[in-house]
């Protein structure tokens, strides 16, 4: 192999490797405001860590709630993800929503305006949310440096092709950048099941 050909092959390999992203499956969960946490679990309560999540500073809490839909069907032990947030929201899959009687909009986390109401039941109290249930829009987290390496910008919609024997391409994947974020794509359980994805899955940003 000549030096020029070797250089072109190495560049092609780097181009692929630089665009690989780990894909993690996000099961139903919720984020909570501090005052709502007290309604559900009692005055002065704080979230306690079960395990760290992939993104720095985020964790799965020991605390869980029951989520009651308008048809009175219930999901029990829906886990809270910490730390506490400025809004309370519940994230469910499409099939989760249908099971409890909701047609869920696909939204980026935090965009809850005009979404469906829900009832949350904790060990110390019940909370009626007037809005706050979404199906999380598939998205990919990254730092600005990672975005520059891949060649994408914050808020851009990209495609991500999964790696493996049942490869699929996800369209309309929103790029979410932040200085403290690590490269990671999130999909929900419906999307993972439809694509035959398990743990330790990689995707290629197209």
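The values are calculated or read from the model by the stated rules, or taken from the named source; none is laboratory data. All figures in this text were calculated on a predicted structure; none of them were measured in a lab. All Cβ positions, glycine included, derive from the backbone under ideal geometry; neighbour counts span all protein chains shown.
Some observations on this one:
- Only strands (runs of 3 or more DSSP E) whose full extent lies in the stretch 84-156 are considered here, and the ones with at least 1 residues that are over 14 Å from residue 29 (Cβ atoms) and at pLDDT 95 or above are 116-121, 126-136, 139-142.
- In the set 74, 39, 65, 45, only one residue is more than 19 Å from the chain's Cα centre (by Cα), closer than 18 Å to residue 96 by Cα and at pLDDT 95 or above; that residue is 74.
- Residue in the stretch 170-189 that is within 17 Å of the chain's Cα centre (by Cα), part of a helix (DSSP H, G or I) and outside the structural domain of residue 46 (by TED's automatic domain parsing) present: yes
- Subset of the stretch 54-83 (residues that are crowded, with 17+ Cβ neighbours inside 10 Å and closer than 20 Å to residue 176 by Cβ): 59, 60, 81, 82
- Within the stretch 28-53, tally of residues that are assigned to a helix (DSSP H, G or I) and loosely packed, with under 13 Cβ neighbours inside 10 Å: 1
- Matching residues in the stretch 112-125 - criterion: being out of contact with any strand residue (DSSP E or B) (no Cβ under 6 Å at 6 or more places or on another chain) and in contact (Cβ under 8 Å) with a residue 24 or more places away in the chain: 123, 124, 125
- One residue stands out in the stretch 102-126 among those that are surrounded by 20 or more Cβ atoms within 10 Å (Cβ to Cβ) and within 21 Å of residue 63 (Cα to Cα): the one that is farthest from the chain's Cα centre (by Cα), namely 122.
- Verdict on residue 135 being in contact with a helix residue (DSSP H, G or I) (Cβ under 8 Å, 6 or more places away or on another chain) and either surrounded by 20 or more Cβ atoms within 10 Å (Cβ to Cβ) or outside the structural domain of residue 89 (by TED's automatic domain parsing) (or both): yes
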